[in-house]
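Engineer: One structure, pasted below without further comment.
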């Protein structure tokens, strides 16, 4: 696991650069396979992982998935790959940053659960002996966490690194495995929900090549692999085991372009495993959605591309007509924004959305809700409950038909809105979310099959 002392420590640049370096150097020569993972609910970092090494990245989240679900996500992906497989997990925020009372969801929690060695990134600027105090504090905060190596970031030269490594290794007993020079050309751009997604960065390939070259020059890659060995994990039962091809013949249209690209890898893979045909389309560029049995609008940045979405009148009309006719649809966060009457970006000028939901979505200059919450919702005559994640800079102004509720501590707010056969809301839903995520997904898919048969 690659973790840091806090957000902004350079985790994504180092992790993606390390994946690129290993995939193109040691691992390629030795026949090793890079298997990327992301700790926590983040959508954007996994895009960089895939771009860096060519393999899809899976989220490990002990809040959304629970301990057993997190083991399943990691173990089942690694089982059977053999000793040549190299899992690289990017942590979330700082190493110990998770839920306040339990620490669940933190990189440390995940590392302990999966017995992963941690390589901690520290910012070495302006430090000498203080580096040992910093590393020692992280080492001692939770003795269960196995910090196996230190990566020193943002320093100017090798002599500073050698000074810091001698201090850290002597005082803390943890080896330093590399350093990353301060390089303005390697800074990844951000916007209000985090880093700008990989597919929007035209120069990303050159940036990752530069990071990989720097890592190859300044990291001891062989030592990192030596310190990273763990036994091959045993497979864990999958709640969808035995359901392979259960929904063969069902077609789902998935909105995927620059405006809609927040999808968990496991969610997409699961639908394919269940026999569902996914037909991807672009609400920005295509004239209409494909001929399908249901639609899925994931999260993303519709507010950033509101002009282009508004200009595609034929798509908006076709989506609204399909939903008015009862086509099943799931719209999460950005998808809910797109289905609204009006989208109001930061400039205050309203743009037209699909107009299916009776809402006006107004962007704000600060986060409205951020973090995990528990969703309780009744659908199709059943009740479901499981954790979800919200992260948005907008407020919804409207009077939709809301079902269930969301809770976080003592706070309560409306759950998700339902209109005809559309379920929409801000929460991001992992289909493996424990305990009832799998049951809700099956209920939604069963209804889509029933409606298809009735048409």
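Engineer: With respect to residue 305, is the statement that it is in contact (Cβ under 8 Å) with a residue 40 or more places away in the chain and more than 13 Å from residue 250 (Cβ to Cβ) true?
Structural biologist: In short, yes.
Engineer: Let me ask something additional. Could we say that residue 48 is in the same structural domain as residue 153 (by TED's automatic domain parsing), modelled with pLDDT of 95 or more and surrounded by 21 or more Cβ atoms within 10 Å (Cβ to Cβ) here?
Structural biologist: Values: in the same structural domain as residue 153 (by TED's automatic domain parsing): yes; modelled with pLDDT of 95 or more: no; surrounded by 21 or more Cβ atoms within 10 Å (Cβ to Cβ): yes.
Spelling it out, it is not the case that residue 48 is in the same structural domain as residue 153 (by TED's automatic domain parsing), modelled with pLDDT of 95 or more and surrounded by 21 or more Cβ atoms within 10 Å (Cβ to Cβ).
Engineer: Within segment 90-110, track down each residue that is part of a strand (DSSP E or B) and buried (at least 24 other Cβ atoms within 10 Å of the Cβ).
Structural biologist: 90, 91, 92 - these are the residues of segment 90-110 that are part of a strand (DSSP E or B) and buried (at least 24 other Cβ atoms within 10 Å of the Cβ).
Engineer: Considering only residues that are crowded, with 16+ Cβ neighbours inside 10 Å and either over 23 Å from residue 311 (Cα atoms) or not assigned by TED's automatic domain parsing to the domain that holds residue 306 (or both), which ones fall in segment 356-373?
Structural biologist: Once the filter is applied, which keeps residues that are crowded, with 16+ Cβ neighbours inside 10 Å and either over 23 Å from residue 311 (Cα atoms) or not assigned by TED's automatic domain parsing to the domain that holds residue 306 (or both), segment 356-373 yields 369, 372, 373.
Engineer: Okay, next question. Out of (1) more than 22 Å from the chain's Cα centre (by Cα); (2) modelled with pLDDT under 95, what's the single condition that is false for residue 93?
Structural biologist: The single condition residue 93 does not satisfy is (1).
Engineer: Inside segment 431-443, can you point out the residues that are over 15 Å from residue 72 (Cβ atoms) and surrounded by fewer than 20 Cβ atoms within 10 Å (Cβ to Cβ)? So that I can check it myself, show each step before the final result.
Structural biologist: Here is the first cut: in segment 431-443, the ones over 15 Å from residue 72 (Cβ atoms) are 436, 439-443.
Result: 436, 439, 442, 443.
Engineer: Also: Could you tell me which residue of segment 250-266 is surrounded by the most Cβ atoms within 10 Å (Cβ to Cβ), considering only residues that are touching a helix residue (DSSP H, G or I) at 6+ places or on another chain (Cβ under 8 Å) and outside any loop (DSSP other than H, G, I, E, B)?
Structural biologist: If we take residues in segment 250-266 being touching a helix residue (DSSP H, G or I) at 6+ places or on another chain (Cβ under 8 Å) and outside any loop (DSSP other than H, G, I, E, B), then 260 is surrounded by the most Cβ atoms within 10 Å (Cβ to Cβ).
Engineer: Going by the structure shown, is residue 424 over 23 Å from residue 356 (Cα atoms), assigned by TED's automatic domain parsing to the domain that holds residue 373, surrounded by 17 or more Cβ atoms within 10 Å (Cβ to Cβ) and touching a helix residue (DSSP H, G or I) at 6+ places or on another chain (Cβ under 7 Å)?
Structural biologist: It is false that residue 424 is over 23 Å from residue 356 (Cα atoms), assigned by TED's automatic domain parsing to the domain that holds residue 373, surrounded by 17 or more Cβ atoms within 10 Å (Cβ to Cβ) and touching a helix residue (DSSP H, G or I) at 6+ places or on another chain (Cβ under 7 Å).
Engineer: So, in segment 380-392, of the ones that are part of a strand (DSSP E or B) and in contact with a helix residue (DSSP H, G or I) (Cβ under 6 Å, 6 or more places away or on another chain), which residue ends up surrounded by the most Cβ atoms within 10 Å (Cβ to Cβ)?
Structural biologist: Selected residue: 386.
Engineer: Where residues in segment 147-193 are in contact with a helix residue (DSSP H, G or I) (Cβ under 7 Å, 6 or more places away or on another chain), modelled with pLDDT of 95 or more and part of a loop (DSSP other than H, G, I, E, B), which of them is surrounded by the most Cβ atoms within 10 Å (Cβ to Cβ)?
Structural biologist: Looking at the filtered set, the residue picked out is 174.
Engineer: Just checking, does segment 73-81 include any residue being part of a loop (DSSP other than H, G, I, E, B) and modelled with pLDDT of 95 or more?
Structural biologist: No, segment 73-81 has no match at all.
Engineer: Out of 55, 7, I need the residue that is part of a loop (DSSP other than H, G, I, E, B), without any contact (Cβ under 8 Å) to a residue 60 or more places away in the chain and surrounded by fewer than 22 Cβ atoms within 10 Å (Cβ to Cβ). Which one?
Structural biologist: 55
Engineer: Is segment 111-129 home to any residue that is crowded, with 22+ Cβ neighbours inside 10 Å, farther than 30 Å from residue 203 by Cα and within 18 Å of the chain's Cα centre (by Cα)?
Structural biologist: There is at least one residue in segment 111-129 that is crowded, with 22+ Cβ neighbours inside 10 Å, farther than 30 Å from residue 203 by Cα and within 18 Å of the chain's Cα centre (by Cα).
The values are calculated or read from the model by the stated rules, or taken from the named source; none is laboratory data. Please read all numbers here as calculations on a predicted model, not as lab measurements. Cβ coordinates were reconstructed from backbone atoms using ideal geometry, including for glycine residues, and neighbour counts include every protein chain displayed.
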